[in-house]
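Have a look at the structure below, then the notes.
The values are calculated or read from the model by the stated rules, or taken from the named source; none is laboratory data. None of these values were measured; they are calculated from a predicted model. Cβ placement follows ideal geometry from the backbone for every residue including glycine, while neighbour counts extend to all protein chains displayed. Heads up: the accessible areas ignore ligands, DNA and RNA and are worked out on the full protein's heavy atoms, side chains in. Shrake-Rupley method; radii C 1.70, N 1.55, O 1.52, S 1.80 Å.
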Amino acid sequence: MGFSENCTMYKISNYNHFQAWQNGSLIAFNAKSGAVALMTRENFELYNNLALRMKSDDLNVLNDEEKTLLDQLKYGKFVIADDSDEIDGLEFVHNLHRYDQTSYGLTIAPTMNCNMGCEYCFEDNKKGKMSPEVIDAIVKAVDDRADSMKSLDVNWYGGEPLLALDTIEELTNRFREIADGKKFKYSASMISNGYLLTEKVAKKLRDLGIYLVQVTLDGPQRIHDRRRPLKNGKGSYGKILNNIKDASDYVGIGIRVNVDKDFTEDIIVEMLEELKAEGLREKVGVYFGQLEPASEICANIAENCYNANEFSQAEVKYYRLLLNHGFLVHKAPTPISVYCMAQSVGALLIDPDGDMYRCYNHAGNKEKSVGNITDEINYQHPIFRDFFRFDPFREESCRSCEVLPLCMGGCPARRVDRKLQGEELCDTWKHNLSSMLDIIAVARQQEKQKAAAAAKETK
């Protein structure tokens, strides 16, 4: 506790994290606000002094230096009002987003067909695409909620969604028409293998309001073409890379690299050199995904998959490689209100038949469907209940965790489908926060240096 000159009482946040950095400075991070800052050793000593004085109600008189630091600490939520209950606040926002009906998040797979035959894919070569009847039912579902909606966010998924671009275009135009009439915000993104993402298609996606596309590259060409071949067995890497080069002028491209125990630092470097050779270092974001045996179809890869702690350590090594090779590091510890769609009543995945799911891993598996979009949503469906049941605020290990705001209990599917326990359920921040903060701090320092150099050149 403590008083400032205006008699407001303050206390230190439970989610503060400080670690030593370069030249005697420290990285300061607050998990609840997501604030990251560099702090001098002198300011850290001043912070500790203020913290002691707060406990003894001794902030009545502050000098200018203390006032400035206190204002900065309040802005980053490192210091909060004494009557604030951070856990109650987090729980309130978590529940607000769990039961929010004003935001509608739809992941739509217009087809489960795919032009590739990835060795770990869970989608099992399903064919066909969305019928006019299912399209109408989805539009009706959106229209029925439109009066109370503030936003509609659509993620196009598959299969390979670009095999059904006509369906995407029709649904987008009808969504936009409703959004214009009912005055809510519409946004969209896509997950694609990139093989059909030509310049012409990228322009079309931009016109359809799809400004971000995730494309997977599983390492350099020699490895990607083995792990992600076309259905006819031919390689896909060269075409995908050319498409990324052209498409990145029209849409944002995030490259996901699925990693397992076969990957090494040399393999990642080989891939980064290939991206650099194509002029993509400044044009794309690269991040790493953990391959998991998420269904029976991909259970054959289980022995080669990292567990959560192993992946978090590999992640650190690979992000350092990004940094060292001049790529932007986009990954940052960001507070979330819910982990994924499984924790929200306002989010669904819909397959081409109109069947609804609570998890990406369930897409197309009819046994995992929680109903059809033509019917009323059954919130008492066993799968819906199983995924929705977990509440991180009722589990002490989560409630007391210093990274709870970044994780919110982790992936529900790991609990429900894979029956994992303990720290296997945690997000990677639990295992590698300090190392990743160091990388992020260096990345931001480099970005500032580049900006300063660019500004100097323009003078």
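Numerical summary
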| item | result |
| --- | --- |
| All positions within segment 36-61 that are surrounded by fewer than 17 Cβ atoms within 10 Å (Cβ to Cβ) and more than 32 Å from the chain's Cα centre (by Cα) | Arg41, Glu42, Glu45, Asn48, Asn49, Leu52, Lys55, Ser56, Asp57, Asp58, Asn60, Val61 |
| Candidate set from segment 360-373 (those that are assigned to a loop (DSSP other than H, G, I, E, B) and modelled with pLDDT under 95); member that is nearest to Gly34 (Cα to Cα) | Ala363 |
| Yes/no for Tyr319 being crowded, with 21+ Cβ neighbours inside 10 Å and either in contact with an Asp or Glu (Cβ under 9 Å, 6 or more places away or on another chain) or in a helix (DSSP H, G or I) (or both) | yes |
| Conditions (1) within 22 Å of the chain's Cα centre (by Cα); (2) crowded, with 22+ Cβ neighbours inside 10 Å; number of the one not met by Ala164 | (1) |
| Options Gly233, Gly219; residue that is surrounded by fewer than 16 Cβ atoms within 10 Å (Cβ to Cβ), at positive phi and not aliphatic (A, V, I, L, M) | Gly233 |
| Every pair of residues 6+ apart whose Cβ atoms lie under 6 Å, when the first sits in segment 233-254 and is touching a residue at least 12 places away in the same chain (Cβ under 8 Å) and of a type in the set (Ser, Thr, Tyr) while the second is part of a helix (DSSP H, G or I) and open to solvent by 30 Å² or more (accessible area, probe 1.4 Å) | Tyr237/Gln221; Tyr237/Asp225; Tyr250/Lys203; Tyr250/Arg206 |
| Among (1) modelled with pLDDT under 95; (2) open to solvent by 40 Å² or more (accessible area, probe 1.4 Å); (3) touching an Asp or Glu at 6+ places or on another chain (Cβ under 9 Å) - the single one Lys127 does not satisfy | (3) |
| Residue list for segment 374-397, filter: among the acidic types (Asp, Glu) and either at pLDDT 95 or above or within 22 Å of Gly409 (Cα to Cα) (or both) | Asp386, Asp391, Glu395, Glu396 |
| Elements of type helices (runs of 4 or more DSSP H) contained in segment 382-457, each with 3 or more residues being surrounded by 15 or more Cβ atoms within 10 Å (Cβ to Cβ) | 382-389, 404-407, 412-416 |
| Test: residue in segment 83-103 that is in a helix (DSSP H, G or I) and more than 30 Å from Phe388 (Cα to Cα) | no |
| Checklist (1) of a type in the set (S, T, N, Q); (2) open to solvent by less than 30 Å² (accessible area, probe 1.4 Å); (3) closer than 25 Å to Pro161 by Cβ applied to Thr374, failing item | (2) |
| Segment 427-450 residues that are touching a residue at least 24 places away in the same chain (Cβ under 8 Å), paired with ones that are among the acidic types (Asp, Glu) and surrounded by fewer than 20 Cβ atoms within 10 Å (Cβ to Cβ) (beta carbon under 7 Å, 6 or more apart) | Lys430/Glu423 |
| Segment 255-270 - residue that is open to solvent by 20 Å² or more (accessible area, probe 1.4 Å) and among the charged types (D, E, K, R) and, of those, nearest to Asn307 (Cα to Cα) | Lys261 |
| Residues that are open to solvent by less than 60 Å² (accessible area, probe 1.4 Å) and either at pLDDT below 95 or not in a strand (DSSP E or B) (or both), drawn from segment 239-254 | Ile240, Leu241, Asn243, Ile244, Ala247, Ser248, Tyr250, Val251 |
| Hits in segment 7-61 - residues which are farther than 22 Å from Cys398 by Cα and assigned to a loop (DSSP other than H, G, I, E, B) | Cys7, Thr8, Trp21, Ser25, Thr40, Ser56, Asp57, Asp58, Leu59, Asn60, Val61 |
| Among residues of segment 167-210, those that are on the phi > 0 side of the Ramachandran plot and touching a helix residue (DSSP H, G or I) at 6+ places or on another chain (Cβ under 8 Å), counted | 2 |
